[in-house]
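Q: Quick one: this structure, given as structure tokens, is what I'll be asking you about.
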Amino acid sequence: MKRIRPTFGYATAAAAVLAVCFGYSAAASAADIAPHRALYSMTLGSSKNDSGVASASGTMAYQWGETCDGWTVEQRYRLKMGYAEQQDVEISSNFVTWESKDGLHYRFNQKESRNGNTSEEIRGEAQLNEAGKGGTADFAKPDAKKIDLPAGTLFPSAHTILLIDRAAAGENFISRQIFDGATEETAVLVSGVIGPKIEPDADAAGKSPLLNRPGWRVRLAFFPADQKADKPDYELGMLLLDNGISRDMVIDYGDYSIRAKLEDIEALPKPHC
């Protein structure tokens with residue numbers, strides 16, 4: 001069973017030529033992130049005959065909050081995977097993070113269970129020496145250990161904001177080393193292709209003012225930590241709005257895909273700093 005990681009923060013290694021060319025500066029960001037809480041339905045998007053995957057259904061709750069000095073993200077999902085020749089598996093995950101707005105400090109806590117039994121728990125914190133430089137990640141669970149983060153590493157919120165800024169500037173390709181703490185690996189390369197700007201959709205805007213924003217179709221490829229790998233572990237496609245909201249997502253593992261559709265959304269308050 002492949003890991004289901006429909007997260008908004010990413011990582012991996014392919015076109016590393018751009019990975020360390022730019023440091024991230026929150027002050028230089030043009031993106032105006034809208035703190036929000038969203039609910040997505042999850043279904044099987046596609047499945048090849050030899051994948052063994054017969055069905056998928058579930059929900060994902062995603063919350064991106066803002067404090068005076070940082071971003072908080074909580075992602076919870078419950079997904080039931082049905083297989084043609086083996087027992088169905090129900091996966092539950094709770095992933096909580098805090099990231100400083102200067103992009104240098106990050107805390108992460110993930111707990112995952114399968115069929116009601118805890119299968120994985122990861123907790124720790126990471127820091128970068130300065131923008132564009134390397135750093136370290138200190139894991140408290142499952143085992144205490146420290147790993148190095150390469151130069152140019154970004155944390156998830158900084159990466160999403162950078163995606164929006166580069167899209168707004170008219171760029172169509174971006175590749176960065178990202179560390180999210182969802183596994184015990186170091187930062188991995190995420191390569192992204194950004195499509196043309198899409199104007200607000202009247203039907204979507206009618207559901208919430210938060211959706212009355214332009215956006216871009218973005219396709220992210222997540223490569224394995226082994227830098228010799230020439231194929232991604234999986235790809236994530238989404239319609240990313242300029243306020244940080246994703247209207248829909250498809251997580252593509254090659255032999256099957258999971259689709260996440262936005263069902264409900266509400267605004268969260270901005271801090272008074």
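FYI, it's all coordinate maths here, none of it is from the lab. Keep in mind it's a predicted model, so treat the numbers as computed, not measured. Cβ sites come from the backbone with ideal geometry, for glycine too, and all protein chains shown count toward neighbours.
Q: If you take the square roots of the eigenvalues of the alpha-carbon gyration tensor of segment 37-133 and sort them as a ≥ b ≥ c, do you get rounded (a/c under 1.5), prolate (a/b over b/c) or oblate?
A: Note, shape of segment 37-133 comes out prolate.
Q: Ok, one more. May I ask you to list the aspartates and glutamates whose Cα is less than 15 Å away from that of residue 145, ignoring any residue fewer than eight positions away on the same chain?
A: 121, 125, 184, 185
Q: Over the chain, calculate the relative contact order: mean separation of alpha carbon pairs under 8 Å at least 6 apart, over the residue count, as a percent.
A: Relative contact order of the chain: 24 percent.
Q: Roughly how many nanometres apart are two label points built 7 Å out from the Cα toward the Cβ at residue 173 and residue 141?
A: 4.1 nm
Q: Report the local net charge at residue 240: Lys and Arg +1, Asp and Glu -1, summed over other residues whose C-beta lies under 9 Å from its C-beta.
A: +1
Q: Mind checking which aspartates and glutamates have their Cα closer than 14 Å to the Cα of residue 261? Skip sequence neighbours fewer than 8 apart in that chain.
A: Here the aspartates and glutamates satisfying the reach criterion relative to residue 261 are 248.
Q: Students often get this wrong, so check it: of 48/80; 48/231; 80/146; 197/231, which have C-alpha atoms separated by over 24 Å?
A: Too far apart for the 24 Å limit: 80/146; 197/231.
Q: Next up: Checking the a/c ratio against 1.5 first, then a/b against b/c, what shape does the Cα gyration tensor give for segment 16-267?
A: Rounded is the answer for segment 16-267, as its axis ratio a/c remains below 1.5.
Q: If you take every residue apart from residue 133 with its C-beta less than 13 Å away from the C-beta of residue 133, what net charge results, scoring Lys and Arg +1 and Asp and Glu -1?
A: Spelling it out: positives minus negatives among the neighbours equals -3.
Q: What residue among 206, 244, 152 has the largest mean-square fluctuation in a Gaussian network model of the chain, using Cα springs under 10 Å?
A: Evaluated over the chain, the most mobile residue of the options is 206.
Q: Next up: Order 130-143, 211-224 from most to least packed using the mean count of other Cβ atoms within 10 Å.
A: 211-224, 130-143
Q: Which length gain, in nm to one decimal place, applies between residue 268 and residue 123 when the Cα-Cα distance is subtracted from 0.36 nm times their residue separation?
A: Using 0.36 nm per residue and subtracting the Cα-Cα distance, I get 49.6 nm.
Q: Taking the Cβ of residue 168 as the center, what net charge do the other residues with Cβ under 11 Å away carry, scoring Lys and Arg +1 and Asp and Glu -1?
A: -2
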